[in-house]
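The values are calculated or read from the model by the stated rules, or taken from the named source; none is laboratory data. None of the values given here were measured: they were computed from a predicted structure. When we count neighbours, we look across all protein chains shown, and the Cβ atoms used for this are built from the backbone with ideal geometry, even at glycine. Accessible surface is based on the protein model in full, side chains and every heavy atom, while ligands, DNA and RNA are left aside. Shrake-Rupley method; radii C 1.70, N 1.55, O 1.52, S 1.80 Å.
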Amino acid sequence: MNAIPKRDSIGETCVVCEIPKDKGIHLYTSFICTDCETDMIQTETNHPNYKFYLKQLRKVTQPTIFS
Ligand SMILES: [Zn+2]
């Protein structure tokens, strides 16, 4: 009887910043918020942050396999 109502209005959790956001895009089955999308586009490929984005995005292209 202690069920907490699920709030759908918060949006989805971004795979990059891992923060629930209500604005963003879907990539495969994952969600990327508008902030991260913009940051990624503006980040140079030789910038240290770019590696972080790639690492986070690797989770998108490699879905979890239950073994
Ligand atoms: Zn994000």
Read through the list (1) surrounded by 13 or more Cβ atoms within 10 Å (Cβ to Cβ); (2) more than 12 Å from the ligand (Cβ to nearest atom); (3) modelled with pLDDT under 95, then give the number of the only condition that ILE41 fails.
(1)
Of the residues in the stretch 39-57, those that are polar (S, T, N, Q) and in contact with an Asp or Glu (Cβ under 9 Å, 6 or more places away or on another chain) number 2
For ASP8, the lone unmet condition from (1) at pLDDT 95 or above; (2) open to solvent by 90 Å² or more (accessible area, probe 1.4 Å); (3) not polar (S, T, N, Q) is (1)
Looking only at residues that are assigned to a loop (DSSP other than H, G, I, E, B) and modelled with pLDDT under 95 in the stretch 47-67, which one is farthest from the ligand (Cβ to nearest atom)?
SER67
